[in-house]
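K.L.:
Quick one: this structure, given as structure tokens, is what I'll be asking you about.
The values are calculated or read from the model by the stated rules, or taken from the named source; none is laboratory data. In this text the structure is predicted, and so the values were computed from the model without any measurement. Cβ sites come from the backbone with ideal geometry, for glycine too, and all protein chains shown count toward neighbours. The protein model used for the area step is the full one, side chains on, heavy atoms only, and it has no ligands, DNA or RNA in it. Shrake-Rupley method; radii C 1.70, N 1.55, O 1.52, S 1.80 Å.
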Amino acid sequence: MVMNPAPNLILVGPMGAGKTSIGKRLAERFGLQFADVDQTVIERCGATIATIFEHVGEAGFREREKAALVQLLDGQGKLVSTGGGAVLDCDNRRLMQRHGFVVYLRVGVDSQLKRLGRDRARPLLQRGDRERVLHDLAVIREPLYAEVADLMLDTDGLSPGAATSTLAHLLSSHWQRGERAA
Ligand code: S3P
């Protein structure tokens, strides 16, 4: 088995894939510092994601998301949970690949709809047909998650605990802490 060295673990995947809940559990198992890109944006701006979208639009949010990602990946020993759209920017994708072992948490639209319930915090979901929105986002983003990822786990039907155990097992044979080869 080829071990892939990287100084951090990074989770990517769509809204409702479990990046935050699985990320916190996984960070504890591996003794990594948990960091969430959205949460960092909120702290740096002193405003919620919804307010940021309202005032500076999605493009303004993406700039702030990129700055937060750069800040969080300037170091080692972290588990960085990203927002669902962080992979849209090619600089972000390169940065993630350079600074971390990237795990793609996949989830199907049906599970997303169940898990996200009546969510009011995610601006992209505050539109009429959620199923359509999630499907359209997946068409664009799935290839980007796959492109950036070192490992993929399908979380459909898995609780956060079960997904964490499966991932911990997979990571022990795929990820090695250390610097990425140049
Ligand atoms: C977004 C996902 C959200 C958050 C923002 C935009 C997206 O993060 O960054 O609402 O573009 O998919 P989560 O994936 O953590 O929900």
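K.L.:
Does at least one position in the range 18-26 carry a residue that is basic (K, R), within 16 Å of S165 (Cα to Cα), away from the ligand (no atom under 14 Å from the Cβ) and touching a Pro at 6+ places or on another chain (Cβ under 7 Å)? Outline the logic, then answer.
P.N.:
Applying the first criterion (basic (K, R)) to the range 18-26 yields 19, 24-25.
Checking which are within 16 Å of S165 (Cα to Cα) leaves us with 19, 24-25.
From what is left, the residues that are away from the ligand (no atom under 14 Å from the Cβ) are 25.
Now restrict to residues that are touching a Pro at 6+ places or on another chain (Cβ under 7 Å): 25.
Checked the range 18-26: at least one residue is basic (K, R), within 16 Å of S165 (Cα to Cα), away from the ligand (no atom under 14 Å from the Cβ) and touching a Pro at 6+ places or on another chain (Cβ under 7 Å).
Here's the yes/no breakdown for (1) in a strand (DSSP E or B); (2) crowded, with 17+ Cβ neighbours inside 10 Å; (3) within 15 Å of the ligand (Cβ to nearest atom); (4) at pLDDT 95 or above:
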{"residue": "E43", "(1), (2), (3), (4)": "no, no, yes, yes"}
{"residue": "A50", "(1), (2), (3), (4)": "no, no, yes, yes"}
{"residue": "E58", "(1), (2), (3), (4)": "no, no, yes, yes"}
{"residue": "L69", "(1), (2), (3), (4)": "no, yes, yes, yes"}
{"residue": "L79", "(1), (2), (3), (4)": "yes, yes, yes, yes"}
{"residue": "V103", "(1), (2), (3), (4)": "yes, yes, yes, yes"}
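K.L.:
Restricting the first residue to the range 148-170 and requiring it to be of a type in the set (S, T, Y), which pairs with a second residue that is open to solvent by less than 40 Å² (accessible area, probe 1.4 Å) meet a Cβ separation below 6 Å and a spacing of at least six or different chains?
P.N.:
T155/A17; T155/G18; T155/L105; T155/V107; T155/A163; T164/I22; T164/L26
K.L.:
Of the residues D156, D136, only one is at pLDDT 95 or above and either in a loop (DSSP other than H, G, I, E, B) or under 20 Å from S173 (Cβ atoms) (or both); which? Can you show your working first?
P.N.:
Details: D136 fails: either in a loop (DSSP other than H, G, I, E, B) or under 20 Å from S173 (Cβ atoms) (or both).
Only one candidate passes the filter, namely D156.
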